Amino acid sequence: MGVKEFYILPGGFLTLDRSIFLTGTDMGKKVKAPVYSVLFMHDQGPILLDVGLNPAGLKDPEGAWGPRAKVIKPEFTESDDIRNRLKQIGLPVSDIKKVIITHLHWDHSGGLRFFTHCPIILQQAELRFAFYPDRNVCAQYMRNHFDYPLDFQTVEGDRMLVPGISVVKTPGHTPGHQSVIARLDSGSFFIFPGDALPLMENITLGIPAGNNWNNEQAMDSIYRLSHFAEILPGEIISSHDISIWETLKKSPDAYR
């Protein structure tokens, strides 16, 4: 037995140029991009995937999110604070047994400081790079999001963390990006690709995102995730796709 159900926890929206998600496509066209976390209700206890935007941005946007607060203009409310999203389904933060992080960019790691009590699972390459990133891609790593006394537990490559939840290494967007494959006890597979697949069009058009660290690796990861979706088979829930977002069940509704 493993994952009994999971919840999609809304975490606000970002307004971005569409070419950030699809290189060279619709440059100058602004799109709304959802931010979300996923809560897996597992036999070994609740497990959280990604922790959304930094809620300190509600009072001090530029202090919390930097210059992007004016450019990307996050739409974020108190309800979107990961602590409040958990509270809405009856869980205090202290009940979370593990946090899985796809990567340490600012829109996926903003609530990490609330989880000092449990392991934070990520790829070793991601942790190393986040503290000392290449200058051309450093802006999305913000130390005020992850430089805390956290229990980072690193893995290298693919790993089954608990029955029904696996991480698979999908580098390219960042050096240590990872995605998650979850199998519900009902038998259904779901793939949470993180920013390896911000849009489903990254697969259908064969175009990588425009803000990747390495596009060759990013395309390899896109093909790999597409292959997993075919052979399992599994449903991909892309990370920032507004058209997919509009079809999803959101907390407090659950997938079972």
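The values are calculated or read from the model by the stated rules, or taken from the named source; none is laboratory data. Because the structure is a prediction, the values reported are computed rather than measured. Cβ sites come from the backbone with ideal geometry, for glycine too, and all protein chains shown count toward neighbours.
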Matching residues, the stretch 56-81, being of a type in the set (A, V, I, L, M, F, W, C), surrounded by fewer than 22 Cβ atoms within 10 Å (Cβ to Cβ) and part of a helix (DSSP H, G or I): Ala56, Leu58, Ala64, Ala69, Val71
Go through the stretch 167-187 and give me each residue that's over 17 Å from the mean Cα position of the chain (by Cα), at negative phi and in a loop (DSSP other than H, G, I, E, B). Asp185, Ser186
Being surrounded by fewer than 18 Cβ atoms within 10 Å (Cβ to Cβ) and either under 24 Å from Cys138 (Cβ atoms) or small (Gly, Ala, Ser) (or both) is the filter here; which residues of the stretch 191-210 pass it? Gly206
Restricting to the stretch 82-101, count the residues that are surrounded by fewer than 22 Cβ atoms within 10 Å (Cβ to Cβ), closer than 13 Å to Arg113 by Cα and either touching a residue at least 60 places away in the same chain (Cβ under 8 Å) or not hydrophobic (A, V, I, L, M, F, W, C) (or both). 2
Within the stretch 188-211, considering residues that are in a loop (DSSP other than H, G, I, E, B) and under 11 Å from Gly234 (Cβ atoms), the one farthest from the chain's Cα centre (by Cα): Ser188
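Could you look through the stretch 119-164, keep only residues that are part of a loop (DSSP other than H, G, I, E, B) and touching a residue at least 60 places away in the same chain (Cβ under 8 Å), and pick out the one that is farthest from Asp43 (Cα to Cα)?
Only one residue tops the list, namely Asp134.
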Could you list, in sequence order, all residues of the stretch 1-15 that are within 23 Å of Gly164 (Cα to Cα) and either surrounded by fewer than 17 Cβ atoms within 10 Å (Cβ to Cβ) or among the small types (Gly, Ala, Ser) (or both)? Met1, Gly2, Lys4, Glu5
Criterion violated by Gly187 - all others in (1) in contact with a Lys or Arg (Cβ under 8 Å, 6 or more places away or on another chain); (2) surrounded by fewer than 18 Cβ atoms within 10 Å (Cβ to Cβ) satisfied: (1)
Scan (1) in contact with a Phe, Trp or Tyr (Cβ under 8 Å, 6 or more places away or on another chain); (2) free of Cβ contacts under 8 Å to residues at least 40 places away in the same chain; (3) of a type outside the set (S, T, N, Q); (4) crowded, with 19+ Cβ neighbours inside 10 Å for the single condition Tyr36 breaks and write down its number. (2)
Among the numbered conditions (1) in contact with a Ser or Thr (Cβ under 9 Å, 6 or more places away or on another chain); (2) in contact (Cβ under 8 Å) with a residue 24 or more places away in the chain; (3) closer than 18 Å to Gly172 by Cα, tell me where Trp106 comes up short. (1)
Within the stretch 187-240, tally of residues that are of a type in the set (S, T, N, Q), within 20 Å of Ala33 (Cα to Cα) and out of contact with any Asp or Glu (no Cβ under 8 Å at 6 or more places or on another chain): 5
Find the residue count for the stretch 219-242, including only residues that are among the small types (Gly, Ala, Ser), assigned to a helix (DSSP H, G or I) and over 17 Å from the mean Cα position of the chain (by Cα). 2
From (1) free of Cβ contacts under 8 Å to residues at least 12 places away in the same chain; (2) β-branched (Val, Ile, Thr); (3) surrounded by 22 or more Cβ atoms within 10 Å (Cβ to Cβ), pick out the condition that doesn't hold for Val167. (1)
Being aliphatic (A, V, I, L, M) and assigned to a strand (DSSP E or B) narrows it down to one of Leu53, Leu39, Leu91, so name that one. Leu39
Qualifying residue in the stretch 16-24 (condition: at pLDDT 95 or above and surrounded by 22 or more Cβ atoms within 10 Å (Cβ to Cβ)): yes
